[in-house]
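Heads up: the structure comes next, in structure tokens.
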Amino acid sequence: MRNWLVLLGPCVLGAALHLWLRLRSPPPAGASAAAPADPPASFPPGKDSHYDLVVGVLSARHNHELRDVIRSTWLRHSRQHPALSQRVLVKFIIGARGCEVPVEDREDPFSCRLLNISDPVLNQEIEAFTFPEDAPAGSSEDRVVSVSFRVLHPIVITSLGVLGGAGAGGFQRNITVRLYQAEQEEALFVARFSPPSCGVQVSRLWYKPVEQFVLPESFEGTIVWESQDRQGLEARALGSVAVHDGGGVLRVTAAGEGAWPPEPTEGVVGVAGGFIYTIQEGDALLRNLRSRPGRRAEHLRSLRAEDASLRAESGRHGDIVFVDVVDTYRNVPAKLLRFYQWTVRATSFDLLLKTDDDCYIDLQAVLRRLARGSLRGPSLWWGNFRLNWAVDRTGKWQELEYPSPAYPAFACGSGYVVSRDIVHWLAGNADRLKTYQGEDVSMGIWMAAIGPKRYQDSLWLCEKTCETGMLSSPQHSPRELAHLWRLKERCGDPCQCEAG
């Protein structure tokens, strides 16, 4: 029990701190601070219809085929069904702007951040850090110091180094330097410095060679210096040393500025030495840089064609909401918040269902469950919840902003339902809510501030599978979605059908 409390404590504190800092405005009159106010069900000005359920389908700009399959399956059924057509409004949520940076020129495929490499330093060794000659020498009180970095183009680290002046008696310290890959407990490289084995001195640093292998693009690592003596390390703040990034192939980041991880792996953040590296695949890098202007021009032409195609699609179907967001994976939480704002402005509704464009949804089953009366607002959140979900520090789901080791409870993204008052609260605070690496974990952190009533239901499936009676199922191709719906229409069960 004590272990669970230790794990959950940072999650609750992290969520509360992040939201308290951004949501210090008082709740509206008559609303509880613990729950959003529940607006009246009467039509807002200019809204001439009311819906039991608004469905928001998060969709990428290029996913035309998935949207068309949805229009020909469960969305077509809801529009043709006499009981559903007047009760349900379905909208695809799409970012109004595409990213103007070609995928090949981004730091990662999930953002719109330019890989800003220029004038790379090729065919020579590069010292990652240099120290001002006039900086005062001397030890700090810190025996462990670390700094994190990210590789933006392949490099090879050839040596690890420590900062330490040599007096008349030579190098007199015992220091271990380790290089870790993010989220790995075992060091990739280790160099040990001692009076009889101190390496080679270059300016103010002592270096030792390490086993050489290529650190690939997107590698995230941490250098840790540890004193084996009683005295602390000779170290500097990152801002007081010169960082040599080889023309942009390396990014060194302090905690609090989007570091990997956002807090130091060990000890305090700083620099107590350095490393020497070389840039790999230099010819390919130069060719890539020379071809950038033409690649960008072609990409902008494709974006204009995509804009025209989306306008035509919207004109034909009338079921797209374009939100003022650059459409990338990292911006999906912002897309969702902007859709909540649109929903509050443009519609009158009781409940909202969020899903994705690769998901099977059974709207009729959802409404039947709601009609039973056991799922009632205000502050209703109905879904299949992940609990104590570990925070990823690398890869597609890399979290740079949330400091705790686990997220607060969040619903799986294939489908969940929230009540009108929650949507109004999110819309009203959209410009102050911090966004995190994904829309579902962001929703969990936001909801930790208001404590809605969670209704757990495993029929909102979290993984790609099929269960009789399921309300949703994620991660399907257009062909798979069409097949599931054919079985549903033929036999009433998308998972099995014995009819010929």
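Please treat every number below as a calculation from the coordinates, not as lab data. Please read these numbers as outputs of a predicted model, since none were measured by experiment. When we count neighbours, we look across all protein chains shown, and the Cβ atoms used for this are built from the backbone with ideal geometry, even at glycine.
Computed values, structure above
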| read-out | value |
| --- | --- |
| Filtered GluC sites (Glu not before Pro), the stretch 445-486: DSSP coil and at most 10 other beta carbons within 10 Å | E463 |
| Cα gyration tensor shape of the stretch 56-198, rounded if a/c is under 1.5, else prolate or oblate by comparing a/b with b/c | prolate |
| Shape category assigned to the stretch 299-397 from the gyration tensor of Cα positions, a/c cut at 1.5 | oblate |
| Potential extension, N174-D350 segment - 0.36 nm per residue separation minus Cα distance | 56.6 nm |
| Q456 paired with A312, simple spin-label distance in nm, labels 7 Å along Cα-to-beta-carbon | 5.0 nm |
| Pairwise label distance in nanometres, C497 with S118, each label 7 Å out on the Cα-Cβ vector | 5.8 nm |
| Spin-label model distance (nm) - V156 vs R76, 7 Å beyond Cα toward Cβ | 5.9 nm |
| From phi via Karplus (6.51, -1.76, 1.60), per-residue ³J(HN,Hα) for the stretch 371-378 in Hz, x at Gly/Pro | 5, 5, x, 7, 9, 9, x, x |
| Ranked V321, V69, criterion: other C-beta atoms within 10 Å, fewest first | V321, V69 |
| Spatially proximal aspartates and glutamates relative to K464 (Cα-Cα < 14 Å; intrachain offsets below 8 disregarded) | D356, D357, D358, E480 |
| Gain on full stretching of the segment that runs from A187 to R368 - 0.36 nm per residue minus C-alpha separation | 59.6 nm |
| FRET E, pair S203, E104, Förster distance 41 Å, beta-carbon r, rounded to 0.05 | 0.65 |
| Modelled FRET efficiency - R0 60 Å, Q231 with L303, Cβ distances, 0.05 increments | 0.55 |
